[in-house]
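A short worksheet on the structure shown next.
The values are calculated or read from the model by the stated rules, or taken from the named source; none is laboratory data. It should be emphasised that the depicted structure is a prediction, and the values quoted were computed from it without experimental measurement. Quick reminder, even Gly has a Cβ in these numbers, built from the backbone with ideal geometry, and neighbours come from all protein chains shown.
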Amino acid sequence: MKVYNIAVLPGDGIGPEVTSEAVKVLRKLSEIDVSFQFETEEFNWNSEYYLRHGSMMPEDGLEQLRDFDAILFGAIGDSRVPDPVTIWELILPIRKNFQQYVNFRPIKLLNGLESPLKKDAPIDFAIIRENSEGEYTNSGGAMFQGEDREMAVQNTVMTRQGVKQITEFAYDYAREHGLSKVTNATKSNAVIHTMNFWDRVVEEIAEENKDIGYEKYYIDALAAYFVQRPESFEVVLASNLFGDILSDLGSAIVGGLGIAPSGNINPSGEFPSMFEAVHGSAPDIAGKGVANPMAQIWSAALMLEHLGRKDLHDTVLAAMEEVLAEKKVLTPDIGGASSTEEVGDAIIGKLKNNGVIE
């Protein structure tokens with residue numbers, strides 16, 4: 001019987017609090033179904049580690065993570081450590097070195113939640129974000145700091161391989177899930193080099209997948225359409241920066257960042273994929289026990305689906321929706337007064353009520 005090895009990086013702020021609840025749900029699932037067994041190893045590579053050691057992880061950190069089946073990542077960020085350090089020395093090295101070139105973010109209005117858009121139509125689509133190059137590269141530099149002639153250059157790097165593989169993933173995802181359309185987020189009317197290149201490669205792949213519809217919108221118009229008619233989207237394909245922005249907007253229209261999960265996926269399985277809530281470390285509420293654990297629990301469910309257990313993913317999501325629909329045990333961000341731990345316990349309780357346990 002396969003025993004999955006999962007690396008757990010709780011992170012900073014509310015990260016350890018919500019990650020603890022996600023692991024608690026996973027442990028209960030392993031009681032539900034003896035065919036799902038796992039072991040965890042915790043790595044406390046966070047801002048405290050940086051302040052003690054001068055780095056976000058040890059020199060062999062990636063080597064330590066390499067052989068795990070998946071990584072469950074908490075939130076990262078601390079005012080004592082500059083944001084670029086936490087991102088560029090921990091999150092991005094994992095994403096880039098483990099070729100997690102897909103950032104997958106479901107935008108789904110769960111039963112029990114009401115969109116601020118007050119729409120009756122269901123909102124259920126996925127943002128497929130390029131995750132390894134694009135606008136988030138360290139190509140560039142600064143000169144003449146502190147002078148009137150101070151300048152900075154940040155280069156966007158797009159490769160044919162990078163654009164091709166994320167586009168192929170988007171089409172494969174659409175086909176696998178019975179979806180009919182891929183929407184390309186671009187700005188090629190103004191960003192004339194990289195985004196025209198992006199469009200050209202995307203449209204080459206679209207020509208090879210004519211069984212799936214294709215449309216293209218400029219990012220500014222697309223942001224408006226997310227608000228005006230989110231129900232019209234199925235798979236949205238975007239570059240690193242555009243996907244980052246769109247996914248936060250998408251999360252806002254279906255309940256907020258406290259509900260929003262994500263997966264950083266290595267489709268080949270050569271390296272572990274990493275799953276994390278979209279929200280940050282939220283230092284203003286850290287330690288108060290009021291952080292919403294649902295985004296991290298849903299991220300753990302995405303991990304289960306990636307590991308081949310869609311049945312367990314669906315079980316977790318159904319339990320979350322029951323808790324949301326009852327509106328009895330909710331954290332303050334979505335109108336309740338319950339604690340992080342109480343919400344985690346309520347989700348486990350719904351697993352029982354669903355008849356999954358004994």
Tally of residues being surrounded by 14 or more Cβ atoms within 10 Å (Cβ to Cβ) and touching a residue at least 40 places away in the same chain (Cβ under 8 Å) across segment 167-185: 12
Residue check, Lys350 free of Cβ contacts under 8 Å to residues at least 60 places away in the same chain, assigned to a loop (DSSP other than H, G, I, E, B) and either of a type outside the set (A, V, I, L, M, F, W, C) or not assigned by TED's automatic domain parsing to the domain that holds Asn46 (or both): no
In segment 29-39, residue surrounded by the most Cβ atoms within 10 Å (Cβ to Cβ) [restricted to those that are free of Cβ contacts under 8 Å to residues at least 60 places away in the same chain and touching a Phe, Trp or Tyr at 6+ places or on another chain (Cβ under 9 Å)]: Phe38
Single residue of segment 115-141 satisfying the filter (among the hydrophobic types (A, V, I, L, M, F, W, C) and modelled with pLDDT of 95 or more) that is farthest from Gly335 (Cα to Cα): Ile128
Leading residue by the ranking (farthest from Leu302 (Cα to Cα)) among those in segment 116-145 that are of a type in the set (S, T, N, Q) and surrounded by 16 or more Cβ atoms within 10 Å (Cβ to Cβ): Thr137
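May I ask you to verify whether Glu215 is more than 23 Å from Arg95 (Cα to Cα) and either in contact (Cβ under 8 Å) with a residue 40 or more places away in the chain or not in a helix (DSSP H, G or I) (or both)?
Spelling it out, Glu215 is indeed more than 23 Å from Arg95 (Cα to Cα) and either in contact (Cβ under 8 Å) with a residue 40 or more places away in the chain or not in a helix (DSSP H, G or I) (or both).
Residue by residue, here is whether (1) basic (Lys, Arg); (2) at pLDDT 95 or above; (3) closer than 23 Å to Leu241 by Cβ holds:
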{"position": "Leu110", "(1), (2), (3)": "no, yes, no"}
{"position": "Ala152", "(1), (2), (3)": "no, yes, yes"}
{"position": "Arg160", "(1), (2), (3)": "yes, yes, yes"}
{"position": "Ile166", "(1), (2), (3)": "no, yes, yes"}
Residues of segment 11-28 satisfying the condition of being of a type in the set (Gly, Ala, Ser), crowded, with 21+ Cβ neighbours inside 10 Å and in a helix (DSSP H, G or I): Gly15, Ala22
Selected residue [hydrophobic (A, V, I, L, M, F, W, C) and either in contact with a strand residue (DSSP E or B) (Cβ under 8 Å, 6 or more places away or on another chain) or not assigned by TED's automatic domain parsing to the domain that holds Pro82 (or both)] from Ile6, Ile32: Ile6
Top-ranked residue of segment 174-208 - restricted to ones that are within 18 Å of Gly162 (Cβ to Cβ), of a type in the set (S, T, N, Q) and not in a helix (DSSP H, G or I), ranked as farthest from the chain's Cα centre (by Cα): Ser188
Flag for Ser268 being out of contact with any Pro (no Cβ under 8 Å at 6 or more places or on another chain), among the small types (Gly, Ala, Ser) and either outside the structural domain of Phe98 (by TED's automatic domain parsing) or closer than 30 Å to Lys164 by Cα (or both): yes
